[in-house]
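Working notes, structure below.
The values are calculated or read from the model by the stated rules, or taken from the named source; none is laboratory data. Predicted model, so just to flag it, every value in this text is computed and none were measured. Cβ placement follows ideal geometry from the backbone for every residue including glycine, while neighbour counts extend to all protein chains displayed.
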Amino acid sequence: MRTFVALPLPDAIRDQVEQLQDGLRAGRAVAWDNLHLTLAFLDDQPVDRLEALHEALERLRPAPLELRLAGLEVYGAKKPSAVVLRAEGGAALTGLQANVMQAARMAGMDLPRRRFRPHVTIARFNAGSRGTEDAARIGAFLQARGDWATAPFEVDAYCLYASHLMRDGPWYEELGRYELASSHVA
């Protein structure tokens, strides 16, 4: 099963990102329901490893997490593959990501070691849609909206998802939800 662990975005933030996406007019916008910040891409994993990871993630006690999406970037130097929003979350975010990766490896998953670059993908580009016209649209979009940012917002959970590839784009199924500690005092 193709899986990943990610932070889902609050609805109000998804609404803001969707309004931003409307101005791009190039590539394929990531669907509102699919906007997230990936902590670990797990690729295809057998059910027994996913169950072990689920148990490990249930035992984690992550600190409260505040995010801010700030600034646009294009991934893929010569041939753009995605437009992303950079994410800022400080030590709490990098600590959570490191703990998730450690839990996955302890569950028997052989994952590549990559530098964590927190981001939310807002649009993807297929090989056939990277022409001069798209490049001009991307450039104009970055020039006009490159400094776009959200106010800081609290994230209350992270999730284990299955990714089902469909003809009209992926569908993400939530397999497990893990609460973060709240920074609000009751």
Tally of residues being touching a helix residue (DSSP H, G or I) at 6+ places or on another chain (Cβ under 6 Å) and not β-branched (Val, Ile, Thr) across segment 1-22: 2
Answer yes if at least one residue in segment 92-111 is farther than 30 Å from LEU20 by Cα, surrounded by fewer than 19 Cβ atoms within 10 Å (Cβ to Cβ) and among the polar types (S, T, N, Q), and no otherwise. yes
Identify the residue in segment 138-166 that is touching a Lys or Arg at 6+ places or on another chain (Cβ under 6 Å) and closer than 22 Å to ARG49 by Cβ and, among all such residues, is modelled with the highest pLDDT. CYS159
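In the list ALA12, ALA40, ALA26, ALA6, which residue meets the criterion of being small (Gly, Ala, Ser) and either without any contact (Cβ under 8 Å) to a residue 24 or more places away in the chain or in a helix (DSSP H, G or I) (or both)? Before you say what the answer is, go through the steps one by one.
Details: ALA40 fails: either without any contact (Cβ under 8 Å) to a residue 24 or more places away in the chain or in a helix (DSSP H, G or I) (or both); ALA26 fails: either without any contact (Cβ under 8 Å) to a residue 24 or more places away in the chain or in a helix (DSSP H, G or I) (or both); ALA6 fails: either without any contact (Cβ under 8 Å) to a residue 24 or more places away in the chain or in a helix (DSSP H, G or I) (or both).
That would be ALA12, the only listed residue that is small (Gly, Ala, Ser) and either without any contact (Cβ under 8 Å) to a residue 24 or more places away in the chain or in a helix (DSSP H, G or I) (or both).
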Kindly establish whether GLY95 is more than 14 Å from the chain's Cα centre (by Cα) and in a strand (DSSP E or B). no
ALA6 - would you say it is surrounded by 14 or more Cβ atoms within 10 Å (Cβ to Cβ), modelled with pLDDT of 95 or more and over 28 Å from ARG145 (Cβ atoms)? no
So if I check each of GLU154, GLU133, which one is of a type in the set (Asp, Glu), surrounded by fewer than 14 Cβ atoms within 10 Å (Cβ to Cβ) and part of a helix (DSSP H, G or I)? GLU133
Could you tell me which numbered condition ARG114 fails, if it satisfies all but one of (1) touching a residue at least 40 places away in the same chain (Cβ under 8 Å); (2) of a type outside the set (Val, Ile, Thr); (3) surrounded by fewer than 14 Cβ atoms within 10 Å (Cβ to Cβ)? (1)
